[in-house]
Number of protein chains: 2
Amino acid sequence: MKFEDKMKLLSETVNVALDRYIVEKETPEKIIYQAIKYSIMAGGKRLRPVLALAVCEMLEGNVADVLPYACAIEMIHTYSLIHDDLPAMDNDDYRRGRLTSHKIYGEAIAILAGDALLNYSFEIMLSDIASGNNNQVDILRKVNAMKLIANSAGTNGMIGGQVVDLQSEEKQISSETLEYIHRCKTGALIKAPIMAAATICKADEKVLKALEKYAENIGLAFQVKDDILDVEGNSQKMGKKAGSDADNNKATFVTLYGLEKSKEMLKNITEEAVRSIEFFGEKSEFLIELCEYLLKRDH
Amino acid sequence: MKFEDKMKLLSETVNVALDRYIVEKETPEKIIYQAIKYSIMAGGKRLRPVLALAVCEMLEGNVADVLPYACAIEMIHTYSLIHDDLPAMDNDDYRRGRLTSHKIYGEAIAILAGDALLNYSFEIMLSDIASGNNNQVDILRKVNAMKLIANSAGTNGMIGGQVVDLQSEEKQISSETLEYIHRCKTGALIKAPIMAAATICKADEKVLKALEKYAENIGLAFQVKDDILDVEGNSQKMGKKAGSDADNNKATFVTLYGLEKSKEMLKNITEEAVRSIEFFGEKSEFLIELCEYLLKRDH
């Protein structure tokens with residue numbers, strides 16, 4: 001299957017599952033379901049859950065086993081965007097070309113929609129584990145996958161990165177701090193779907209190590225590319241204003257290393273990611289093409 | 001043991017465990033641990049985790065098995081207070097006589113501290129399940145307890161209640177809506193520790209039913225008492241302004257039923273709670289005295 005078709009197939013699988021998970025109930029708290037749905041169905045690349053499903057396929061696992069965890073990670077990602085966009089944080093009115101949650105539903109509901117999505121991500125993982133469809137070994141593997149996801153989302157991962165990012169605003173920061181921020185803020189939640197899927201699909205130590213290297217490199221590559229796009233990108237395609245990092249005096253790979261050096265880094269990191277999973281042979285085709293796709297994306 | 005001594009012993013057990021769980025790491029995101037610690041160690045009655053431990057003792061379970069879940073619920077309760085106090089929500093400057101999180105750390109960190117506490121509650125439950133100290137039956141029971149806690153905290157529980165409460169501000173609401181709000185907003189997270197502890201401690205159907213009735217009644221009693229205190233209470237003892245519900249045009253049991261009728265309701269509901277667990281004999285002594293304590297509390 002062609003890369004684009006495969007990408008579409010996997011992201012559609014995620015979209016259908018997410019749409020089914022979030023039901024707009026006709027209960028008094030209806031508006032919270034509308035707010036959740038508005039943000040979760042806003043599109044986007046579905047990169048994180050697609051990574052989980054792609055790893056599952058490469059390891060010849062069962063997609064149905066991984067899907068709840070893939071969707072849970074997308075919910076966590078979405079909650080973090082809703083909260084990041086709040087006036088007290090980045091104060092963004094637009095995301096992916098649409099008004100942000102708090103601009104539509106008000107700040108209070110936006111805060112609660114974020115809270116609800118984080119909570120819901122655990123509810124769906126726990127429903128899957130408690131469903132009675134798992135044997136004891138499956139249960140333990142899924143508990144470990146969920147633990148890994150929880151750790152990636154918390155103070156040792158995404159939230160920690162966001163805190164350091166907030167505290168670094170308008171400050172000169174070192175390249176170590178910049179890497180720390182990105183390893184936690186975006187890297188952790190790109191690594192999580194890969195490692196969670198590998199855990200559920202019974203990966204052995206060697207496979208886990210290789211996938212960890214792949215995950216860490218594409219996580220970093222993703223951020224370097226984002227920083228490059230903020231300088232070179234087209235605002236319309238990105239659905240947000242290009243040059244916003246510079247406007248906000250934000251330290252980025254480009255401000256620290258310059259544009260040319262950043263592009264070289266991006267190329268090297270991407271090659272490193274590819275190398276780490278080449279031994280899977282043709283089964284790794286999609287995950288390798290995904291690296292190329294992330295390298296070349298224009299939004 | 002006298003009720004007051006037992007209450008103190010159980011809440012101290014919780015305090016020590018919470019203090020150990022939240023370590024102020026010397027990492028770049030240090031401030032988030034300080035903010036979490038500031039709110040979680042602010043005191044309070046520890047009603048929810050104490051309920052879990054008391055149920056565990058009544059059922060002759062192992063306190064160490066229940067403690068992580070009891071603490072997780074207190075973390076969820078604390079996160080909800082931090083977010084409720086935000087300017088976009090209730091806009092409270094004080095809680096339990098101390099400045100609220102956003103007044104000390106700013107709104108952005110307060111939002112993230114709430115997010116982190118919710119996330120952390122799942123991290124500690126998952127650490128317990130994945131610790132290797134559990135047999136397969138224990139694991140499944142603990143997964144079910146965690147699921148029950150997650151459901152109580154989400155859109156079908158606490159968050160749902162908060163949404164309806166927000167939407168009911170400055171409105172005339174029916175007694176059905178008021179009960180719906182409280183059953184979800186406060187009731188769900190009072191019921192959760194009782195039912196989670198019972199699940200972990202191998203309660204049978206009859207015991208679960210009795211405890212459910214106890215839990216629902218004390219949850220409601222707790223809220224009716226809160227509404228009465230808002231009219232009759234002493235601001236200093238409560239650590240917040242008495243009469244704030246009336247100032248905010250908030251519908252309460254007192255505004256709907258009047259003070260005398262509310263007091264009568266409180267007495268009846270409390271008696272109902274006591275009756276539902278009397279068959280445990282002297283083992284239920286503490287949980288019965290706890291009803292009396294909640295009935296008579298002045299803050």
Quick one, can you get me the convex hull of the C-alpha atoms of the stretch B:140-299 expressed as volume per residue in Å³? 112
Answer with one residue from A:Tyr257, A:Leu126, A:Gly114: the one whose Cα lies farthest towards the positive end of the charge dipole of the stretch A:3-296, charges on Cβ with Lys, Arg +1 and Asp, Glu -1. A:Leu126
If we count every other residue with Cβ under 9 angstrom of B:Tyr69's Cβ, Lys/Arg +1 and Asp/Glu -1, where does the sum land? -1
Kindly put A:Tyr214, B:Tyr94 in sequence by how many other C-beta atoms sit within 10 Å of each C-beta, fewest to most. B:Tyr94, A:Tyr214
Taking the Cα centre of the stretch A:50-204 as origin and charging only Cβ (+1 Lys, Arg; -1 Asp, Glu), how large is the dipole, in debye to the nearest 20? 220
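Return A:Glu285, A:Glu12, A:Glu216 ranked ascending by Cβ neighbour count within 10 Å, so the fewest neighbours appear first.
Ascending number of Cβ neighbours within 10 Å: A:Glu12, A:Glu285, A:Glu216.
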Answer in debye to the nearest 20: the dipole magnitude of the stretch A:169-232 about its Cα centre, from +1 Lys/Arg and -1 Asp/Glu charges placed on Cβ, is 440
Which whole-Hz couplings ³J(HN,Hα) result when phi for each residue of the stretch B:182-198 is put into the Karplus expression 6.51 cos²θ - 1.76 cosθ + 1.60, θ = phi - 60°, listed in order with x for Gly and Pro? 6, 4, 7, 5, 10, x, 4, 8, 8, 6, 4, x, 5, 6, 5, 4, 4
By a straight-distance test (C-alpha under 19 Å), which lysines pair with B:Lys206 as possible cross-link partners, with residues fewer than eight away in the same chain excluded? B:Lys191, B:Lys283
When B:Asp128, B:Asp138 are arranged by how many other beta-carbons sit within 10 Å of their Cβ, fewest first, they go B:Asp138, B:Asp128
Is it possible to state the helix-based mean residue ellipticity at 222 nm for the protein assembly as shown, with each DSSP H run of 4+ residues giving -39500 (n - 2.57), the sum divided by total residues, to the nearest 500 deg cm²/dmol? What is it? -23000 deg cm²/dmol
Cut-off 19 Å, label point 7 angstrom out along Cα-to-Cβ of B:Lys283: give me the residues of the stretch B:1-44 whose amide nitrogen falls inside. B:1
Obtain the nm distance between the two label points defined at A:Arg96 and A:Glu212 by a simple spin-label model: each point lies 7 Å from its Cα along the Cα-to-C-beta direction. 3.2
Taking a ≥ b ≥ c as the square roots of the eigenvalues of the Cα gyration tensor of the stretch B:28-150, is the shape rounded (a/c under 1.5), prolate (a/b larger than b/c) or oblate? prolate
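Work out, in µm²/s and without decimals, the Stokes-Einstein translational diffusion coefficient of the protein assembly as shown at 10 °C, 1.306 mPa s, Rh from Kirkwood over C-alpha pairs.
63
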Return the ratio Rg/(2.2 N^0.38 Å) for the stretch B:161-220, where Rg is computed over Cα atoms only. 1.35
Taking a 26 Å limit on the Cα-Cα distance, which of the listed pairs B:Lys261/B:Lys296; A:Lys202/B:Lys30; B:Lys45/B:Lys250; B:Lys45/B:Lys103 fall beyond it? A:Lys202/B:Lys30
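Grab the Cα-Cα distance for B:Lys45 and B:Lys103, subtract it from 0.36 nm times how many residues apart they are, and report the gain in nm with one decimal.
The B:Lys45-B:Lys103 span can extend by a further 18.6 nm.
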Contour minus Cα-Cα distance for B:Lys267 and B:Glu205 (0.36 nm per residue): 19.6 nm
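What is the sum of charges around B:Ile36, taking Lys and Arg as +1, Asp and Glu as -1, for the other residues whose C-beta is under 14 Å from the C-beta of B:Ile36?
Net local charge, B:Ile36 excluded: -2.
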Mind grabbing the base-10 log of I(q)/I(0) for the stretch A:121-215 at q = 0.12, 0.14, 0.25 Å⁻¹? Debye formula, identical points on the C-alpha positions, no solvent, two decimal places. -0.46, -0.60, -1.20
The Rg/Rh figure for chain A, Cα atoms and Kirkwood Rh, to two decimals is 0.95
Neighbouring partner chain Cβ atoms per residue of B:128-140, average, 10 Å criterion: 3
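All of the numbers you see were taken from the coordinates with simple rules; none came from a lab. Since the structure is predicted, the reported quantities are computational estimates derived from the model, not experimental observations. Glycine also receives a Cβ, built like all others from the backbone with ideal geometry; neighbour counts cover every protein chain displayed.
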